[in-house]
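One structure is given below, encoded as structure tokens.
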Amino acid sequence: DGGITQSPKYLFRKEGQNVTLSCEQNLNHDAMYWYRQDPGQGLRLIYYSQIVNDFQKGDIAEGYSVSREKKESFPLTVTSAQKNPTAFYLCASRTGTGNHYEQYFGPGTRLTVT
Amino acid sequence: GNSVTQMEGPVTLSEEAFLTINCTYTATGYPSLFWYVQYPGEGLQLLLKATKADDKGSNKGFEATYRKETTSFHLEKGSVQVSDSAVYFCALGLSSGSARQLTFGSGTQLTVLP
């Protein structure tokens, strides 16, 4: 089955530690995205990548970093510089061109930092 | 800038009731409009979409019509079921700009009681 996998589903870290969230897709999509979701809020864009070895900051990139070494993979690192890292993180990929496109989402990783 | 405003929740309905969740948007250019659904602890699933004015998106009994004159994309369903209980997100995406990122509303929690 084609889709997006994120692992782990739940992640716990101590404050001051960096942590990397995995996102893998086998949909052959060029573009991938990372969003953050906080309770009662919509999704906010952290980073996106339209092609391998290229990525851009989204609206809330501070304290995060990404890499895109392979088309299938777009890992997100939450660094110790992120002031409020506890959140639900969603990875997505995009298909389509022009005005006809869709984003597909993974199941998410819930990160708790104490 | 671009923004999406959704009807605040939570919304609680009895099974077989009529559902409307309001969504209005502000955008430069001509966006595509989307409704996503999120079940507890999961990622987002695309429910329906519309790419131009007067288009109607529909899926699983849900419908939404792209109204350019009122900048709206209200979600409706004639008879809700308990299984429709979830959080619903309205989103817009622009094709000008290569990122094609989505801008989300804050989400509306729907609970359907038997």
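Residue by residue through the stretch A:76-114, note down the ones that are at the interface with chain B (Cβ under 7 Å from one of its Cβ atoms), free of Cβ contacts under 8 Å to residues at least 24 places away in the same chain and assigned to a strand (DSSP E or B).
Within the stretch A:76-114, A:100, A:101, A:102 qualify.
If you check B:44, B:13, B:19, which single one turns out to be among the aliphatic types (A, V, I, L, M) and either within 11 Å of another protein chain (Cβ to nearest Cβ) or touching a Pro at 6+ places or on another chain (Cβ under 7 Å) (or both)?
B:44
Among the listed residues B:71, B:51, which satisfies the condition of being more than 11 Å from chain A (Cβ to nearest Cβ) and not aromatic (Phe, Trp, Tyr)?
Of B:71, B:51, the one residue that is more than 11 Å from chain A (Cβ to nearest Cβ) and not aromatic (Phe, Trp, Tyr) is B:71.
Quick one: residue A:57 ticks every box in (1) surrounded by 17 or more Cβ atoms within 10 Å (Cβ to Cβ); (2) of a type in the set (Lys, Arg); (3) more than 30 Å from residue B:10 (Cβ to Cβ); (4) within 12 Å of another protein chain (Cβ to nearest Cβ) bar one, so which box is it?
(1) is the only condition that residue A:57 fails.
Restricting attention to strands (runs of 3 or more DSSP E) lying wholly within the stretch B:1-99, give those where 1 or more residues are aliphatic (A, V, I, L, M) and within 30 Å of residue A:110 (Cβ to Cβ).
The strands (runs of 3 or more DSSP E) meeting that bar are B:3-6, B:11-14, B:19-21, B:32-38, B:44-50, B:62-65, B:75-77, B:86-93.
Can you confirm whether the stretch B:23-31 contains a residue that is in contact with a Gly (Cβ under 7 Å, 6 or more places away or on another chain) and away from chain A (no Cβ under 14 Å)?
No.
(1) more than 14 Å from chain B (Cβ to nearest Cβ); (2) within 10 Å of the chain's Cα centre (by Cα): which one isn't true of residue A:45, the others all being true?
For residue A:45, the exception is condition (1).
Please indicate, with yes or no, whether at least one residue in the stretch A:55-66 is in contact with a His (Cβ under 8 Å, 6 or more places away or on another chain) and not in a loop (DSSP other than H, G, I, E, B).
There is no residue in the stretch A:55-66 that is in contact with a His (Cβ under 8 Å, 6 or more places away or on another chain) and not in a loop (DSSP other than H, G, I, E, B).
Does the stretch B:85-100 contain at least one residue that is over 21 Å from residue A:98 (Cβ atoms) and away from chain A (no Cβ under 14 Å)?
yes
Any residue in the stretch A:55-73 that is within 21 Å of residue A:87 (Cβ to Cβ) sitting within a Cβ distance under 8 Å of a residue that is assigned to a loop (DSSP other than H, G, I, E, B) and of a type in the set (D, E, K, R)? List the pairs, counting only those 6 or more apart or interchain.
A:55/A:68; A:63/A:83
For residue A:4, all conditions in the list (1) over 13 Å from the mean Cα position of the chain (by Cα); (2) surrounded by 13 or more Cβ atoms within 10 Å (Cβ to Cβ); (3) of a type in the set (Val, Ile, Thr) hold save one; what is the number of the exception?
Here residue A:4 meets the rest and fails (1).
Conditions: (1) at the interface with another protein chain (Cβ under 8 Å from one of its Cβ atoms); (2) free of Cβ contacts under 8 Å to residues at least 40 places away in the same chain; (3) under 20 Å from residue B:3 (Cα atoms); (4) part of a strand (DSSP E or B). Residue A:33 meets all but one. Number of the miss?
Going through the list (1) at the interface with another protein chain (Cβ under 8 Å from one of its Cβ atoms); (2) free of Cβ contacts under 8 Å to residues at least 40 places away in the same chain; (3) under 20 Å from residue B:3 (Cα atoms); (4) part of a strand (DSSP E or B), residue A:33 breaks only (2).
Go over the candidates A:22, A:65, A:80 one by one and state the one that is at pLDDT 95 or above, small (Gly, Ala, Ser) and farther than 27 Å from residue B:2 by Cα.
A:22
Could you count how many residues in the stretch B:8-58 are under 24 Å from residue A:94 (Cβ atoms) and either surrounded by 16 or more Cβ atoms within 10 Å (Cβ to Cβ) or charged (D, E, K, R) (or both)?
Residues meeting the conditions: 24.
The values are calculated or read from the model by the stated rules, or taken from the named source; none is laboratory data. Note that this is a predicted model, so its numbers are computed, not measured. We place every Cβ from the backbone using ideal geometry, glycine too, and count neighbours over all the protein chains shown.
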